[in-house]
Amino acid sequence: MVTPHSGGRPLRPHPPAIVLGLDSAINLSIIRELGQKDVPVIGVGTAATSMAAASRHCSQAIIRPAGPIMSWMPDIVRRTGAMALFAVSETDLLQLASGPKYIGKCQVLTPRLEQLQRALSKSDTLSAARKLGFDVPQTWQPRAGEDFAARIAEQTFPAIAKWDNPNDILPLLEEAGLKWEKAEFVSNAGQLDRLLDRFQTIGRWPLIQSYCDGVGLGQMLYMRRDRATLRFQHVRLHEWPPEGGVSTLCYNEPLHQHQAQMKLSERLLQELEWEGPAMVEYRYDAARKRYWLMEVNGRYWGSLPLTRHCDTLFAWEAYRRSVLGQVVDAPVGRQDIIQARYMIPETKRLMRLLIRRSRVNERVAEYSRLQELRSYLADFVRPNMRYYVFDKDDTGPFYQDIRNMVGKIFKGGRHDPR
């Protein structure tokens, strides 16, 4: 099924691009980036009512066929004449990573399997980072046969539990009826003992990392032939859930800040032989000027809409270099402070904080309910505030997202902001 979006616009000069996925703010941002540069964008999603399909920059919305990507993608490429393929979800990236780099003349702009596996493995990333002199949190990977009691006694608290490679563990958790959590906050030895006991049935356990004070700092780079051709950085102010997860409020950090760390981030991506976009994530302790490496996000990241609002266009960088053959470095984007928020999960975060205390580290989670509410309302009138989904020049996705959310509520489902 193909839905055209014409609107009487003139023919565009650039070859079309395909974006896999139409349900997230990340996909929407890629579509808007390319569309604003006069690239016809074909979106492939699971439903005609998908949020990003309502964008005026989505030239066609195609319902995703069943089966492996390579069983149906060549036909879509042939019919549309697409010259570039973008993907966001790790499931899609893993499928494409082991396939060809080209489908006909269409370039698959996703990482290759060896690169992707290194980036997805937190333990491999941390190991490479240690060799380069990065500060990394105390990290323990529990394994069968270890003396858990002894290791728990050595563990510092609070701590965070997160899976080394979520894609490997998700099928096992699902089969065992266990819930996957992106990150779990662990306050003490008793909580850690209970958490480890929960996963005895599958014989696999999450990484246990000491909690690092500070704010979330993300340094984004586009790597091309062993060097960064585009850079951006942001600071996370809010997340959903509050314990750690999707960025719901963030702002750009000017590039004259953290310059030495940006060079280290580039060095790490060189060590990982990375090509394309990636975000190097830190906890930054400003008081001690320390950068604790958390992970490398080897795909387009959740706060990509902020980079677009700051005129730093990572999807366009991939397209113009790969498809158009442009080699001149992109101009530096806006350096004045812009904030962006993801309204539905940001509202859920506020509700959580108003209704009950968060389980976030008690040393940093003291907050005033009234202050949180005031800040949430004041953000609506901040002149430098932008939004992940709402855009006054492209309102369709916002209204479609609201319709989808209301529909899920009436059907008894839950809206997933990721």
Item to check | Segments classed as helices (runs of 4 or more DSSP H), wholly inside segment 66-182, with at least 2 members that are modelled with pLDDT under 90 and out of contact with any His (no Cβ under 7 Å at 6 or more places or on another chain) | outcome: 113-120, 122-131, 166-176
Checklist entry - Is there a residue in segment 2-23 that is open to solvent by 10 Å² or more (accessible area, probe 1.4 Å), of a type outside the set (A, V, I, L, M), within 24 Å of the chain's Cα centre (by Cα) and at pLDDT below 95? => result yes
Item to check | Every residue from segment 23-65 that is farther than 24 Å from VAL406 by Cβ, touching a Lys or Arg at 6+ places or on another chain (Cβ under 7 Å) and assigned to a helix (DSSP H, G or I) | outcome: GLU33
Checklist entry - Among the residues of segment 165-188, is any on the phi > 0 side of the Ramachandran plot and more than 23 Å from the chain's Cα centre (by Cα)? => result yes
Checklist outcome for this item: The correct count of residues that are surrounded by 16 or more Cβ atoms within 10 Å (Cβ to Cβ), in contact (Cβ under 8 Å) with a residue 60 or more places away in the chain and among the hydroxyl-bearing types (Ser, Thr, Tyr) in segment 98-135 is 2
Checklist entry - When segment 362-408 is examined, which residues are found to be open to solvent by 90 Å² or more (accessible area, probe 1.4 Å) and either touching a Phe, Trp or Tyr at 6+ places or on another chain (Cβ under 7 Å) or at pLDDT below 80 (or both)? => result GLU362, ARG363, GLU366
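Just checking, which of GLY276, GLY298 is touching a residue at least 24 places away in the same chain (Cβ under 8 Å), crowded, with 24+ Cβ neighbours inside 10 Å and farther than 13 Å from PHE232 by Cα? Lay out the reasoning, then the answer.
On the way: GLY276 fails: crowded, with 24+ Cβ neighbours inside 10 Å.
Every option except GLY298 fails the conditions.
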Next on the checklist: ILE152 - would you say it is aliphatic (A, V, I, L, M) and under 26 Å from the mean Cα position of the chain (by Cα)?
Outcome noted: no
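Looking only at residues that are in contact with a Leu (Cβ under 8 Å, 6 or more places away or on another chain), in contact (Cβ under 8 Å) with a residue 12 or more places away in the chain and over 17 Å from THR139 (Cβ atoms) in segment 179-198, which one is most open to solvent (accessible area, probe 1.4 Å)? Reasoning before the result, please.
Taking segment 179-198 and keeping what is in contact with a Leu (Cβ under 8 Å, 6 or more places away or on another chain), we get 179-180, 184, 186, 198.
Of the ones still in play, those that are also in contact (Cβ under 8 Å) with a residue 12 or more places away in the chain are 180, 184, 186, 198.
Among the residues that remain, those that are also over 17 Å from THR139 (Cβ atoms) are: 180, 198.
Details: TRP180: 71, ARG198: 94 Å².
So the residue we want is ARG198.
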Item to check | Of residues in segment 24-50 being modelled with pLDDT of 95 or more, aliphatic (A, V, I, L, M) and closer than 22 Å to LYS408 by Cα, the one surrounded by the most Cβ atoms within 10 Å (Cβ to Cβ) | outcome: LEU28
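Within segment 278-289, identify whether any single residue is of a type in the set (Lys, Arg) and in contact with a helix residue (DSSP H, G or I) (Cβ under 7 Å, 6 or more places away or on another chain), and answer yes or no.
At the first step, the residues of segment 278-289 found to be of a type in the set (Lys, Arg) are 283, 288-289.
This time we only want the ones that are in contact with a helix residue (DSSP H, G or I) (Cβ under 7 Å, 6 or more places away or on another chain), so: none.
No, the conditions are met nowhere in segment 278-289.
The values are calculated or read from the model by the stated rules, or taken from the named source; none is laboratory data. Computed from a prediction, not measured in an experiment: that's the story for all the values here. With ideal geometry, Cβ positions are generated from the backbone for all residues, glycine too; neighbour counts draw on all protein chains shown. With ligands, DNA and RNA removed, areas are computed over all heavy atoms of the protein, side chains included. Shrake-Rupley method; radii C 1.70, N 1.55, O 1.52, S 1.80 Å.
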